[in-house]
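Have a look at the structure below before the remarks.
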Amino acid sequence: MRNKRMHSRKWQSHRWGTNHRPDYGIMRSYRWLWSASEQGLNQLSLTDTTEAWTAELDERVRKFEEDFRKNGFLDSETDKSVGQQLLLLQTELKQIKDENKKIIENYTAERTLRKKYYNMVEDMKGKIRVFCRIRPLTRAEQAKRYHIIVACLDDYSVILETPRGPREFQFDKIFNPECTQEEVFTESSGLIQCAIDGFNVCIFAYGHTGSGKTFTMVGDRDRRNPGIIPRTFTKIFEIIQDNESKFEFKVSAYMLELYNERLQDLFVTPTEAFSKRIEIKRDRKGLVFVQGAETKEAASSGELFALFEQGCANRHIAATKMNVESSRSHLIVGIMIESRNLTNGSVSFGKLSLVDLAGSERAAKTGAKDDQLKEANSINKSLSALGDVISALSVEQPHVPYRNNKLTQLMQDSLGGNAKTLMFLNISPSDCNLDETLTSLIYATRVKAITNNAQ
Ligand SMILES: Nc1ncnc2c1ncn2[C@@H]1O[C@H](COP(=O)(O)OP(=O)(O)OP(=O)(O)O)[C@@H](O)[C@H]1O
């Protein structure tokens, strides 16, 4: 009997060769897999791995069967017992596959719920949120001994001293002059996850010239205090990296300037941009796209930032050529994030619009003439169109006048509906800006009304 077994083993290794020996490693893998699920390890994170294992097991069983068929071993006693093991293995493999299918279904359901609850939490904060940021007195203002007339009562209330007495305004959050860029970003960054989850998000800064819009959105000139835009680039790719094993992402961007009702593509040189015809369109799903403007893909935050820097340089050149201040135009950065779920193949598409608006001061006060007057009027028109859209949304008017201005046409997919909007109201604390600050606070209070109505 012993001899027979020895003979049989020898014979097997001779006939099958090392590569064709029945692979008992398969059983070890299977046992490990089984005990892992028995131990109740995190099934969600196992999904991908179990899928790979079952595929491997599948392949090995297939090969095993093929060898059996090829070599006709089912007649011998040993081979019969191996055959039985194979049957057992096939049954258990089927069980694993069924379980894996269930894990994937559970995972997909969990993820959908996560998205839903995350979105609900963000919505509870208001579909349109207004954060008010007070900048510190500038050196020039300090030198001229201007007074501080704005005070932060608490996290939500701000008081402005006016000649007629103090006026109080309430917003979703007040950032005092000491607040850092990081603190401001932390409060806003939840919206970036929403965009990655497939929602449209818009973050824009509103305020008079010199109130701190560019500081909030872009940062300071020497890039020592990066603002919302560069921090958003980093955050997008951090989230992507955390989810890379389950999703495939594609990030692309456009960058535009709206000056005197003319849209300019900032991803091409000013000369090229001038000869281009750009049109704002909407696709079947209602997403805004800009026909004629460059949309560029970015594979990292560094690449996205390089594109943005190039756009800023083009904006600066164009402004110098036309002898205008670049801050007299609106800057619009659109970032599109497409994600494909590697588990079930579903695709979602979210868009993040980051907007640094032109200064909101009134033409009369600036004493503007001719070109400057045209420029001031154009800015006023677009900002009041934005106010009209927001107020139409707040009273749930059936008709929302998006089409009245290019700015609101561009922001159409990020205002109203399921979109989430965050407005930064930037104000100066100085008495030299009293009028502008009061006007801004009143404008933003109108926007704030939608926050309450939307809930
Ligand atoms: N929170 C802040 N902390 C420190 N400095 C700030 C802050 N906000 C603004 N500043 C400074 O105040 C000055 C004006 O700010 P900024 O250029 O951002 O204003 P703006 O509203 O964008 O003006 P414009 O409409 O002309 O573009 C800048 O020197 C900026 O660095």
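The values are calculated or read from the model by the stated rules, or taken from the named source; none is laboratory data. For clarity, every value in this text was computed on a predicted model and none was experimentally measured. Glycine also receives a Cβ, built like all others from the backbone with ideal geometry; neighbour counts cover every protein chain displayed. With ligands, DNA and RNA removed, areas are computed over all heavy atoms of the protein, side chains included. Shrake-Rupley method; radii C 1.70, N 1.55, O 1.52, S 1.80 Å.
Ranked from the most accessible area to the least, with a 1.4 Å probe and all protein chains present, what is the order of R139, R403, R111, R446?
Working: R139 210, R403 170, R111 45, R446 95 Å².
Largest to smallest exposure gives the sequence R139, R403, R446, R111.
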Check your understanding: Near K285, within a Cβ-to-Cβ distance under 14 Å, what is the net charge of the other residues, with Lys and Arg +1 and Asp and Glu -1?
Key -> +1
Review point. Looking at the range 140-223, which GluC sites (Glu not before Pro) are in a loop (DSSP not H, G, I, E or B) and have at most 15 other Cβ atoms within 10 Å?
Key: E178
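Taking the convex hull of the Cα atoms, report for the range 127-454 its projected area averaged over all directions, in nm². Please list the in-between numbers first.
Details: hull surface 69.6 nm².
That works out to 17.4 nm², a quarter of the Cα hull's surface.
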Check your understanding: Accessible area of C312, 1.4 Å probe, to the nearest 10 Å²?
Key -> 40 Å²
Practice item. Count neighbours as other Cβ atoms within 10 Å of each site's Cβ, and list the GluC sites (Glu not before Pro) in the range 202-269 that are DSSP loop with at most 14 such neighbours. Key: E244, E261
Exercise for review: Run the 1.4 Å probe and let me know the accessible area of K144, rounded to the nearest 10 Å².
Suggested key: 140 Å²
**Study point:** Share of carbon and sulfur in the accessible heavy-atom surface of the range 127-454 [1.4 Å probe, %]
**Key:** 48 percent
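For V395 and E309, compute 0.36 nm times the residue count separating them, minus their Cα-Cα distance, and round to one decimal in nm.
Numbers: separation 86, 0.36 × 86 = 30.96 nm, distance 3.94 nm.
So the chain would gain 27.0 nm between V395 and E309.
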Review point. What pairs in K276/K420; K235/K420; K213/K235; K115/K420 have C-alpha atoms more than 22 Å from each other?
Key: K276/K420
Check your understanding: With every protein chain in place, what's the accessible area of M322 (1.4 Å probe, Å², nearest 10)?
Key -> 80 Å²
Review point. Cα to Cα, under 22 Å, and not fewer than 8 places away if on the same chain: which lysines meet these conditions relative to K144?
Key: K365
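Using the beta-carbon distance between R224 and R145 and R0 = 25 Å, what value does 1/(1 + (r/R0)^6) give for FRET efficiency, to the nearest 0.05?
Values: r = 28 Å, r/R0 = 1.10.
Given R0 = 25 Å and the Cβ-Cβ separation, E is 0.35.
Ranking request for peptides 94-101, 189-196: highest mean number of other beta-carbon atoms within 10 Å first, then the rest in descending order.
On the way: 94-101: 14.4, 189-196: 21.1.
The peptides rank, most packed first, as 189-196, 94-101.
Per residue, how many Å² of accessible area does the range 251-361 show with a 1.4 Å probe? Intermediate values should be presented prior to the final figure.
Working: 4940 Å² over 111 residues.
Heavy-atom SASA per residue in the range 251-361 reads 45 Å².
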Check your understanding: Name the trypsin sites (Lys or Arg not before Pro) in the range 280-316 that are in a loop by DSSP and that have at most 14 other C-beta atoms within 10 Å, would you?
Key -> R284, K285
Practice item. Quick one: net charge around F274, please, counting Lys, Arg +1 and Asp, Glu -1 for every other residue with C-beta under 10 Å from its C-beta. Key: +1
